[in-house]
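The values are calculated or read from the model by the stated rules, or taken from the named source; none is laboratory data. Nothing here was measured: the structure is a model prediction, and the numbers come from that model. Quick reminder, even Gly has a Cβ in these numbers, built from the backbone with ideal geometry, and neighbours come from all protein chains shown.
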Amino acid sequence: MGKRRAARRDFSALERRRLAGARLLRKGVGQAEVARRVGVHRQSVGRWAQQLKRGGERALKKAGRAGRLARLRSGDLRRVERRLKRGPGTLGYESGAWTSRRVAELIQRECGVKYDPSQAWRILRQLGWSWQGGAGGAQEKGWRRRGRAGD
């Protein structure tokens with residue numbers, strides 16, 4: 001059984017639904033009826049009514065993105081990628097394999113952002129790297145750029 005991917009939310013559609021609910025509330029339609037018409041829970045409509053009262057329709061505009069803000073900017077990611085391509089030897093490591101611990105140290109050195117090694121793999125995946133287990137000792141285990149031998 002594979003991992004379930006999180007559903008992407010359509011923030012524009014959610015905003016349209018809130019604003020449609022606000023128009024109905026302003027016309028005097030009850031919260032329960034507004035909830036039925038726009039397809040949400042009545043508690044959501046109650047929250048919208050409070051927001052509408054405090055800040056008008058502007059308070060119901062889309063919030064933007066969901067989730068935590070990225071700690072690394074695109075320039076940081078490019079800098080990390082350049083260093084990764086040079087190999088761990090350029091940072092004084094004897095073996096030629098990137099480990100999650102080494103990558104976390106690289107990110108902290110280059111960008112001043114501390115990642116736990118257990119989370120550094122997310123950055124590597126974002127950059128197109130994958131874990132390579134050594135085959136018969138010929139290749140060390142470590143992170144490598146996907147689809148590019150010797151890159």
message = Test of understanding: among ARG82, ARG101, ARG37, ARG47, which residue is exposed (fewer than 11 other Cβ atoms within 10 Å of the Cβ) and assigned to a helix (DSSP H, G or I)?
response = ARG82
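Return a yes/no flag: does region 7-29 have any residue that is assigned to a loop (DSSP other than H, G, I, E, B), over 21 Å from ALA59 (Cα atoms) and either modelled with pLDDT of 95 or more or out of contact with any Phe, Trp or Tyr (no Cβ under 8 Å at 6 or more places or on another chain) (or both). Even if it seems obvious, please write down each step before you answer.
So in region 7-29, the residues assigned to a loop (DSSP other than H, G, I, E, B) come out as 7-10, 27-29.
The next check asks that each one be over 21 Å from ALA59 (Cα atoms); those that pass are 7-8.
With the extra rule that they be either modelled with pLDDT of 95 or more or out of contact with any Phe, Trp or Tyr (no Cβ under 8 Å at 6 or more places or on another chain) (or both), the set shrinks to 7-8.
Yes, the conditions are met somewhere in region 7-29.
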key: Members of region 104-127 found to be surrounded by 13 or more Cβ atoms within 10 Å (Cβ to Cβ) and part of a loop (DSSP other than H, G, I, E, B), listed by number   = VAL113, TYR115, LEU127
